[in-house]
Amino acid sequence: SLTIGIVGLPNVGKSTLFNALTKNDVLAANYPFATIEPNVGVVGVPDARLTTLAGIFSSERRLPATVDFVDIAGIVRGASEGEGLGNKFLANIRESDAICQVIRAFQDDNVVHVDGRISPKEDIETINTELILADLQTIEKVLPRLEKEARVKKDRQPEVKAVQEAKAVLEEGRTLFSAGVAQGTEQAALLHDLHLLTTKPFLYVFNVDEDELTDESFKDEQRALVAPAEAVFLNAKLEADLAELDEEEALELLQTVGQDEPGLATLARVGFETLGLQTYLTAGPKEARAWTVKKGATAPEAAGVIHTDFQKGFIKAEIISYDDLVDAGSVAEARARGKARMEGKDYVMRDGDVVEFRFNV
Ligand code: GDP
């Protein structure tokens with residue numbers, strides 16, 4: 001499955017946040033025999049629709065979609081020059097599908113900042129500079145050869161042009177993602193073989209003081225720093241405390257700081273979105289469940305997420321939109337109202353489709 005790598009300068013609250021993430025690990029709760037990797041936190045994406053479906057189908061349990069967060073410990077500054085540790089750090093980022101930067105905004109004289117000042121803007125620049133330099137090195141290694149090849153093989157010219165343009169963006173000190181060369185675009189496809197770091201989607205977590213959680217003008221300033229990437233605001237220490245409480249106590253504590261859901265829930269939702277994922281739903285007496293597909297996935301691809309045999313033997317999918325099903329109150333009534341659609345192998349899944357697959361075995 002797709003993963004989000006968590007990076008940041010020392011002492012910004014990464015471990016505190018990651019510990020809170022692993023306490024919320026849904027694998028541990030739902031699959032007692034699963035092997036849990038120490039540096040991976042699997043977090044459920046909150047989805048109120050599952051509660052409603054579980055009510056309609058009298059389901060025994062609810063299984064949300066999940067997002068995998070990977071703790072990428074290690075050096076940031078100098079990584080692009082480094083051998084050894086620096087290389088390992090960059091290799092770990094390369095394996096992630098999105099990059100989540102934890103940025104310190106909280107003030108605390110007892111917690112030293114590596115540069116002796118609290119400045120989200122400069123911290124973001126410090127981290128992005130390393131990633132940008134690493135990408136420039138990758139490009140400088142291959143560009144002369146690519147240019148030479150393209151002189152003979154004209155069909156290689158679009159690729160060379162894309163690499164040259166990427167180089168120009170990076171030389172301006174910008175990430176490719178912020179310049180719109182994000183995964184899924186034609187330009188990024190031409191750059192694919194280079195496995196660049198900064199074409200990955202970015203997402204920023206601002207570890208803020210509790211009173212900043214409701215400070216909209218402060219948050220807007222930070223959002224402007226990172227756009228088009230998304231920003232999530234949370235207090236890592238508070239998240240760690242919340243992870244120890246039951247749901248009701250957690251909500252009470254959240255209300256005292258003006259929040260209606262834990263920051264980790266927001267992070268899971270934003271992370272899922274950043275990875276370009278969406279869900280479809282299944283429900284029955286055993287479970288109400290959200291399954292994960294890439295945006296644009298077809299019905300057979302969606303079936304394959306449940307079981308490869310479902311994809312191989314796919315015949316059709318009976319689909320009811322979540323809202324239609326809730327209005328009708330039952331599958332039988334939704335069918336009677338003509339709200340159940342039979343979709344074939346070219347159907348592109350929509351978020352909130354409630355599905356039953358028909359397949360040959
Ligand atoms: P890391 O080096 O980025 O993994 O940072 P840690 O999670 O180890 O945190 C460094 C120090 O900052 C620890 O003493 C934490 O208790 C403290 N810390 C983390 N988050 C917060 C926060 O939101 N507010 C305050 N005041 N301290 C925090």
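The values are calculated or read from the model by the stated rules, or taken from the named source; none is laboratory data. Everything numeric in this text was worked out from a predicted model, so none of it was measured. Counting neighbours? That spans all protein chains shown, and the Cβs are built from the backbone with ideal geometry, glycine included.
The condition (being among the β-branched types (Val, Ile, Thr) and modelled with pLDDT under 95) is satisfied by just one residue among THR282, THR308, THR292: THR308. When the range 74-88 is examined, which residues are found to be touching a helix residue (DSSP H, G or I) at 6+ places or on another chain (Cβ under 9 Å) and either exposed (fewer than 12 other Cβ atoms within 10 Å of the Cβ) or of a type outside the set (A, V, I, L, M) (or both)? GLY74, ARG77, GLY78, SER80, GLU81, GLY82, GLY86, listed by residue number. Please tell me if ALA243 is at pLDDT 95 or above, within 16 Å of the ligand (Cβ to nearest atom) and among the hydrophobic types (A, V, I, L, M, F, W, C). Taking the combined requirement at face value, the residue does not satisfy it. Candidates ILE124, ILE75, ILE99, ILE103: the one that is within 16 Å of the ligand (Cβ to nearest atom) and free of Cβ contacts under 8 Å to residues at least 40 places away in the same chain is ILE75.
When the range 137-161 is limited to residues that are surrounded by 12 or more Cβ atoms within 10 Å (Cβ to Cβ) and among the β-branched types (Val, Ile, Thr), the one that is nearest to GLY82 (Cα to Cα) turns out to be THR138.
Of the residues contained in the range 27-35, none is found to be out of contact with any strand residue (DSSP E or B) (no Cβ under 7 Å at 6 or more places or on another chain), at pLDDT 75 or above and not in a loop (DSSP other than H, G, I, E, B).
Checked across the range 199-220, the condition of being more than 16 Å from the ligand (Cβ to nearest atom), crowded, with 19+ Cβ neighbours inside 10 Å, under 24 Å from the mean Cα position of the chain (by Cα) and over 24 Å from ALA297 (Cβ atoms) holds for no residue.
Against the conditions (1) surrounded by 20 or more Cβ atoms within 10 Å (Cβ to Cβ); (2) out of contact with any Lys or Arg (no Cβ under 8 Å at 6 or more places or on another chain), ALA290 satisfies every one except (2). Residue check: GLY296 meets all listed conditions (1) crowded, with 20+ Cβ neighbours inside 10 Å; (2) at positive phi but one, namely (1). Among the residues of the range 208-219, are any on the phi > 0 side of the Ramachandran plot and part of a loop (DSSP other than H, G, I, E, B)? Within the range 208-219 (the criterion being on the phi > 0 side of the Ramachandran plot and part of a loop (DSSP other than H, G, I, E, B)), the answer is no, since none of the residues qualifies.
Mind checking whether some residue in the range 106-121 is at pLDDT 95 or above, in contact with a Leu (Cβ under 6 Å, 6 or more places away or on another chain) and closer than 18 Å to TYR204 by Cβ? Yes, some residue in the range 106-121 is at pLDDT 95 or above, in contact with a Leu (Cβ under 6 Å, 6 or more places away or on another chain) and closer than 18 Å to TYR204 by Cβ.
In this structure, ALA65 does not qualify as more than 19 Å from HIS195 (Cβ to Cβ), within 23 Å of the chain's Cα centre (by Cα) and within 16 Å of the ligand (Cβ to nearest atom). Tell me yes or no: at least one residue of the range 233-244 is in a loop (DSSP other than H, G, I, E, B), out of contact with any helix residue (DSSP H, G or I) (no Cβ under 7 Å at 6 or more places or on another chain) and of a type outside the set (Phe, Trp, Tyr). Yes, some residue in the range 233-244 is in a loop (DSSP other than H, G, I, E, B), out of contact with any helix residue (DSSP H, G or I) (no Cβ under 7 Å at 6 or more places or on another chain) and of a type outside the set (Phe, Trp, Tyr). Taking the criterion of being surrounded by 16 or more Cβ atoms within 10 Å (Cβ to Cβ) and under 30 Å from ILE6 (Cβ atoms), would at least one residue in the range 337-355 satisfy it? Looking for residues that are surrounded by 16 or more Cβ atoms within 10 Å (Cβ to Cβ) and under 30 Å from ILE6 (Cβ atoms), one finds at least one in the range 337-355, hence yes. Only strands (runs of 3 or more DSSP E) whose full extent lies in the range 250-361 are considered here, and the ones with at least 3 residues that are under 30 Å from LEU17 (Cβ atoms) are 277-283, 287-294. Scanning the range 10-24 for residues that are near the ligand (Cβ under 10 Å from one of its atoms), more than 13 Å from VAL205 (Cβ to Cβ) and part of a loop (DSSP other than H, G, I, E, B) yields PRO10, ASN11. Condition test on THR185, is it more than 29 Å from LEU253 (Cβ to Cβ) and without any contact (Cβ under 8 Å) to a residue 40 or more places away in the chain? Yes.
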